[in-house]
1. Taking the Cα atoms only, what angle lies between the long axis of helix 502-513 and the longest principal axis of the chain, rounded to 10 degrees?
2. Provide the per residue accessible area, probe 1.4 Å, for the chain, rounded to a whole number of square angstrom.
3. Answer rounded, prolate or oblate for the stretch 254-321, using the Cα gyration tensor with square roots of eigenvalues a ≥ b ≥ c: rounded when a/c is under 1.5, else prolate when a/b is larger than b/c, else oblate.
4. Compute the signed sum of charges (Lys and Arg +1, Asp and Glu -1) over the other residues within less than 13 Å, Cβ to Cβ, of GLY491.
5. Cβ neighbours within 10 Å, averaged per peptide: list 410-422, 305-317 in order, most packed at the top.
6. Normalised by the residues of the chain, what does the relative contact order come to in percent, with Cα pairs under 8 Å and at least six apart?
7. On a straight-distance basis, which aspartates and glutamates could pair with LYS183 in a cross-link, Cα separation under 14 angstrom, same-chain partners fewer than 8 positions away excluded?
8. If you place +1 on the Cβ of every Lys and Arg and -1 on the Cβ of every Asp and Glu, how big does the dipole about the Cα centre of the chain come out, in debye to the nearest 20?
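The values are calculated or read from the model by the stated rules, or taken from the named source; none is laboratory data. No experiment lies behind these values; they were computed from the predicted model shown. Note: ideal-geometry Cβ built from the backbone for every residue, glycine included; neighbour counts use all protein chains shown. Side chains are part of the model used for accessible areas, which takes the heavy atoms of the whole protein and leaves out ligands, DNA and RNA. Shrake-Rupley method; radii C 1.70, N 1.55, O 1.52, S 1.80 Å.
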Amino acid sequence: KEPRYLPFLDQSVRKILSIKYDAGLGTPPDAQADVISSPIQSRLLREQMYRATTTVIANKKNILPVQTLDNKIFTCLIAGDSTRGNAFAKQIAKYVPIKVRYVNGAEPGLQFEADDNLQHVIIAAIFPEASPEVINVLMTALQEVRINRDVVICDFGSALLRERSGEFETVITGYSDVSIMLKNVAQAVFGALPTQGILPVTFGTIAAGQSVTTPGLNRLSYSFPEDVGIDGKTLEKIESIAMEAIEGRATPGCEVLVARKGKVIYERSFGHLTYERQIPVGENTVYDLASLTKVSATLQAIMFLHEKGIIDIHKKASVYLPELKNTNKEDITLKDILTHQAGLWPFLPFWSQTMKDSVYLPEYYSSTLSREYPLVVSDHLYASTAMKDSLWNWILDARVREKPVRTPYDYRYSDMGFYKLHHLANKLLNQPMEDFLWQNLYEPLGAYTAGYRPLLHFSIDQIAPTENDRLFRKSLLIGTVHDQGAAMLGGVAGHAGLFGNATALAKIGQMLLQEGRYGGIQYYKPETIRLFTAQQFENNRRGLGWDKPTGDWNGPTSIYASPKTFGHTGFTGTCLWVDPEFELVYVFLSNRVHPNMTNNKLLTDNIRPRIQDVIYQAIFNYCKTADTVPEGPESMPMDAMGKLDNK
C-alpha cells in the first residue's frame, strides 16, 4: 500500500521544482549566471521567498493586521527558545510597547492584567522547543482569556502546537524559527508586510491549501540596503564618520537610522551615553530632540488646525491671540512666524530674570515639589504656578528687531514664534497640546517614545544626559529639557521639550513622506503636507515651519538632497530629513551638548551632512553597479518541513 505521505511529498517537490524553474535554476549553468550572478541577488531572492511564505491560516476576528495601536496593552508570551523569543519580541517592540513574559510550564496558570479602558492584545510565540507541559499551560490560559482579549498565535515550527492551532481564531505561521522569519511574522502582524502564503500541510483541523491574505498598512518594514537600491558597502562609511565624531569628542554617542521606500535599511548605535562609557547607546535610547520639537510637535498641531479650517496661516496671530494687540507684534502673521521672518529675536534669556546674583528668586522657584511649585525645571528645582504667566508676559513685551519703515522683515531663525504657536495650540485645541499629540499622533503611529517629560515614562538609564548646567540649573540634566525657556515651563514648550528615539522620529518622517498616511490611517491630507513642506519665499529657504536645503556646502543637509527635501535640526545634536524625490528618511540623534553646550565640533566637523552624503552616494553607487534583480514569486508556499537556507 502506498504510504499516505507520498502524494503530499510529490506535490511539494513539484512546487519546489516549479519555483526553482521560475527563478532560472532549471537553465544550463552558463545561463544561470545571467539570472543570479551575485550574492546580493541571491539574498534578494531569498528575502522575497521568505516574505512570500509567511502564512495567516486563521483570521476569523479580522485581528490581522493589527491596525489600531492606541488604547491597547500588548503582551508577548514566549514558549520555547527564549533567545529566539527575545529576538521576536524585539521586532514587535519596533511597532508597540510590549510586555514580555516567558511560559515555563511550572505556573499553575497565567494571569493577565485587566483594564476596562484598554484593550489587551496577547501575541503568543510558540517555538519547537516548547514542551507538552508548556503548550498545555499556554493553551489552557489562552482559552480562558480569548473571549475578552485579542489572542494572536504565532507558530515557528512547533509540531505540538499544530495539533491545537484550530482552537484559535487568529493563527499566523512562519514554519521555522530562523531569524528572518521571526522578523517577517512580527512585521506581518502589524501590516508592515502583507501575507500571501498558502498552507502546504494540515494544521490540526485546518486543511492544507488554506490561506488568508492580509494587506500591508504602509508601516515601516525592515530589510537590507540592496533591497531598496542602496549599496550596502558604501553605507559602511557611516560608521567611520560616527566614530570620528565620538573619538574627537564631538559627542559621546549617537544613533543613525536610514529608511528608503518604506523600509528601514540602516539602524546603528555608536558610543555611549557619556564619555565615561558606562552605558552604551542602544536603539531604545531616548534623546532630547531640542528644536525638532518645532516640527515634530508644535507644527503637527498647527497643520491639524490649518487643515480643519480653525486657523488661517495668512491671518495675523493677534486674531487668535488677542493679547498680541496693542503690542509690537500685533501685525505679524502666522505665516511670518512659521517662516521665521516675523522680526522676532532669535533667543532671549528669560531665565536670568528669575535669579539675582546666581540665587533663585523664591517667587519663582523652590527646592521642593508642591502644589504651589509644580513645574519640574531640573532635579530638585521646581517652578511656581506663576511662572507660565510671567514668561508669557515677558514674551508679549519682548523687543523685536529693527528694520527700515515699510519693508518686510528678512529671514532670521527664532524660538520666540514657537512660544506663541504653542500658546495658540493649547487654546484652540481645547486641551494641552502634549495630550493632543499623544492621543492623535504619537500613540496611533506607534511612536511611543515620543513625548514630553520622559522621566514619567522611562528609566533614567534609558535617557541620554545633556549639559552639566553650571549657570542656571546647577546640575547634570538627564530627562529634563536642556532648553532653559522650556525648562521654566516644566519641560513642555513649543520650541523645545520633546524627547524620543530614532524609530519614533522615523515613523513621523515616513508618515509625512507618504503624504499623511501611515498604518492605514490618513493623518493629514496630501495637500496639507505639500503646502507646509514647500519653500514659501524666493529669498527665504524655509517652508512653513520646516527647514529646507540651501544647495551649498554650508547648509544643514547634504548637497545631494533634492529641493523637495524638508526637515530640521536640533541644538542638542539631532536632525530629521525627509527627501520625497529619493523616498528617504534620515535620522541622526546625539547628545553633543554633554557635558558642555559650547562643544560645537559636531557642527564644525559637519558630521550630520557628511553622513547624509554617504546615503546619497550609496544610492548613486548602486545605480552604477547593480545588475537586474530577478522578481520574486507572487506566492510561494513552504515545503513540508518549512526549511529554507538561512546562511
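1. For 502-513 against the chain, the angle is about 90 degrees.
2. 43 Å²
3. In terms of gyration-tensor shape, oblate.
4. After counting each charged neighbour, the total is -1.
5. Final packing ranking: 410-422, 305-317.
6. Values: 1300 pairs, mean separation 112.9, N = 647.
Result for the chain is 17 percent.
7. Straight-distance partners of LYS183: GLU47, ASP155.
8. On the way: 66 positive and 70 negative charges, 170 e Å.
So the magnitude is around 820 debye.
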